[in-house]
1. Where the Cα atoms of the chain are projected onto their three principal axes, how long is each span, largest first, in whole Å?
2. Which peptide among 230-243, 181-194 comes first, and what is the full order, when sorted by highest mean count of other Cβ atoms within 10 Å?
3. As I understand it, the value is the acute angle between the Cα axis of helix 122-137 and the longest principal axis of the Cα atoms of the chain; what does it come to in degrees, rounded to 10?
4. Would you calculate a helix-derived [θ] at 222 nm for the chain, using -39,500 (n - 2.57) for each DSSP H run of n ≥ 4 and dividing by the full residue count, to the nearest 500?
5. Would you give the gap between the C-alpha center of region 202-244 and the C-alpha center of region 124-162, rounded to a whole Å?
6. Helix 21-32 against the longest principal axis of the chain: what's the angle in degrees, Cα atoms only, rounded to the nearest 10?
7. Select from 35, 123, 104 the residue whose mean-square fluctuation is largest in a Gaussian network model of the chain (Cα-Cα springs shorter than 10 Å).
8. For the peptides 86-94, 221-229, 105-113, 53-61, what is the packing order when you average, over each peptide's residues, the other Cβ atoms within 10 Å and list the highest mean first?
Ligand SMILES: NC(=O)c1ccc[n+]([C@@H]2O[C@H](COP(=O)([O-])OP(=O)(O)OC[C@H]3O[C@@H](n4cnc5c(N)ncnc54)[C@H](OP(=O)(O)O)[C@@H]3O)[C@@H](O)[C@H]2O)c1
């Protein structure tokens, strides 16, 4: 008998940052388990290529939305268009993220605000729109926020990024306890170091690369597809009693003394 626990047939997921990297791997993983997916990012060619790949590999429907999530005042409108086009969203994955690295005392306010808006404010505004949508439909929902090891600890030169991800963890917990009454589960995934475009300056740096290997008991950088299974768990019936949690997918990083 086929397991219903991880089956996402009949569901539609919205994955921000689904054009490449972790977001693409999560969108593909959800589609492999039966979900149709809508993906949002700024780069049209990457969205088109991601949609082509997912549709070819899984046979699921993919919608693409070219949008800059830093335009937070326009996000409600984006969500309305998404609903109109897809017919409704059951799973929201807030994955899009950006970072700047630099001495905290030199970070200008414009850059700080941009990182907070993309990583934290956009997740909040989309979650609000998602909650209102699910309430109106009288249906349950799943929200998955992509956190970071910086939800747990800090490194120099990441003040804006770490603050946004720390905030995202508390947003996850707050919405989980507040929206449990609507049967909306809100959880986070904390990736360890994953080799993507975002971390290219790090994995191409020999010293940093050695440091990551030395700190990761499983002895390698993560791959975007390493995150897909946890996202499927949190999006599916198997995750129905999990809420307010962060699950670190870090190759053992946080377990190491
Ligand atoms: N890689 C890691 O080691 C790691 C570790 C911990 C957490 N994370 C988190 O995982 C998430 C994905 O990271 P990744 O490594 O996959 O990065 P990535 O390869 O750079 O992908 C980021 C995605 O977000 C989209 N995005 C960025 N800014 C956007 C904006 N203003 N509006 C709309 N879309 C935007 C990008 O598309 P466009 O550029 O086309 O807009 C892209 O699709 C991020 O939240 C990141 O903080 C990553």
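1. Principal extents (Cα only, largest first): 49, 45, 38 Å.
2. Going by the mean number of other Cβ atoms within 10 Å, highest first, we get 181-194, 230-243.
3. 20 degrees
4. That comes out to -12500 deg cm²/dmol.
5. After rounding, the separation between the Cα centres reads 17 Å.
6. Tilt relative to the chain: about 30 degrees.
7. Maximum fluctuation in the GNM of the chain, among the listed residues, is at 104.
8. Result, highest mean Cβ count within 10 Å first: 86-94, 221-229, 53-61, 105-113.
No lab work stands behind these numbers, since they all come straight from the coordinates. For clarity, every value in this text was computed on a predicted model and none was experimentally measured. All Cβ positions, even for glycine, are placed from backbone atoms using ideal geometry, and neighbour counts span all protein chains on display.
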